[in-house]
Amino acid sequence: MAAVLRSASIAFQERKRAAAVSGTTRTETESTRVPEDQPSADASDAPATLSALAAAVDRCTRCPLYRHATQGVAGEGPKSARIMLIGEQPGDQEDRQGRPFVGPAGRLLDAALDEAGLDRRRLFLTNAVKHFKFTPRGKRRLHQTPTTGEVDICRWWLDRERALVQPDLIVTLGATALRGVTGKSASIRSMRGHAVELEGGARLVATVHPSFLLRMPDRERAAQERTAFVADLVRARTLLA
Ligand code: URA
């Protein structure tokens with residue numbers, strides 16, 4: 001059974017990669033998706049496994065973001081992960097490769113995780129919004145922040161991932177991720193530095209998004225913020241120790 005699931009998942013990833021490489025977008029693969037007037041799903045429609053969930057995320061048409069994205073990018077990591085890291089949305093590289101945090105922000109995150117003594121392979125990494133939102137600028141695709149409405153619609157998927165993985169600790173990276181989890185627009189500053197109990201028993205550690213560090217023009221300030229970011233990740237690790 002495990003082998004069947006694994007090969008189905010590999011075939012699915014291969015199809016996604018082929019679409020990304022050929023530059024096929026959602027609009028060109030419309031026939032494979034559920035029509036937009038699908039009835040709004042409740043928890044009883046929830047996929048029972050992470051690989052079924054990834055396939056369902058890729059068919060999602062709940063909001064218009066799927067139209068221009070290459071694919072839906074679900075979370076990745078072991079179902080047994082005790083820590084779930086939540087970002088904002090896939091970026092350009094993530095959209096092409098179908099995996100979260102594989103672009104520049106992902107590289108910064110990987111280095112910070114290493115410094116904090118956390119092994120990425122044992123974490124579940126996902127995003128508040130599962131499709132890449134961007135503005136085309138020549139050959140480039142410039143990141144656009146998802147609206148609170150888009151985050152709220154996509155929470156259905158985040159909640160399903162949380163239900164399947166049942167992490168003990170959730171680390172939100174940035175304000176969009178924080179809204180994805182709490183359903184409210186809270187400032188990171190007000191939540192940072194202490195763990196917050198969530199309904200259902202998990203604890204929440206809020207920190208900044210790695211892209212925030214990448215965008216800082218002042219190198220000295222960026223270095224300070226990076227140190228604080230790593231300290232938040234260390235806090236997450238020690239909370240579970
Ligand atoms: N930024 C995010 O928030 N998530 C990703 O997966 C990549 C960049």
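The values are calculated or read from the model by the stated rules, or taken from the named source; none is laboratory data. Since this is a predicted model, take the numbers as computed values, not measurements. All Cβ positions, even for glycine, are placed from backbone atoms using ideal geometry, and neighbour counts span all protein chains on display.
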For Gln71: the one exception among (1) out of contact with any Phe, Trp or Tyr (no Cβ under 8 Å at 6 or more places or on another chain); (2) without any contact (Cβ under 8 Å) to a residue 24 or more places away in the chain; (3) within 15 Å of the ligand (Cβ to nearest atom): (2)
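So which of Pro146, Pro217, Pro167 is within 16 Å of the ligand (Cβ to nearest atom) and part of a loop (DSSP other than H, G, I, E, B)? Write out each step before concluding.
On the way: Pro217 fails: within 16 Å of the ligand (Cβ to nearest atom); Pro167 fails: within 16 Å of the ligand (Cβ to nearest atom).
Criteria check complete, one pass: Pro146.
Does any residue of segment 228-241 turn out to be at pLDDT below 95 and either surrounded by 20 or more Cβ atoms within 10 Å (Cβ to Cβ) or touching an Asp or Glu at 6+ places or on another chain (Cβ under 7 Å) (or both)? Talk me through it step by step, then tell me what you get.
Initial filter on segment 228-241 (at pLDDT below 95): 240-241.
The next check asks that each one be either surrounded by 20 or more Cβ atoms within 10 Å (Cβ to Cβ) or touching an Asp or Glu at 6+ places or on another chain (Cβ under 7 Å) (or both); those that pass are 240.
The answer is yes, given that some residue of segment 228-241 is at pLDDT below 95 and either surrounded by 20 or more Cβ atoms within 10 Å (Cβ to Cβ) or touching an Asp or Glu at 6+ places or on another chain (Cβ under 7 Å) (or both).
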Pairs where the first residue, in segment 39-63, is closer than 22 Å to Gly77 by Cα and at pLDDT 95 or above and the second is surrounded by fewer than 18 Cβ atoms within 10 Å (Cβ to Cβ) and among the small types (Gly, Ala, Ser), C-beta under 7 Å, 6+ apart: Ser51/Ala8; Ser51/Ser9
Considering residues of segment 118-140 that are within 13 Å of the ligand (Cβ to nearest atom) and in a strand (DSSP E or B) only, the residue surrounded by the fewest Cβ atoms within 10 Å (Cβ to Cβ): Phe134
Single residue of segment 74-117 satisfying the filter (of a type in the set (S, T, N, Q) and part of a loop (DSSP other than H, G, I, E, B)) that is farthest from the ligand (Cβ to nearest atom): Ser80
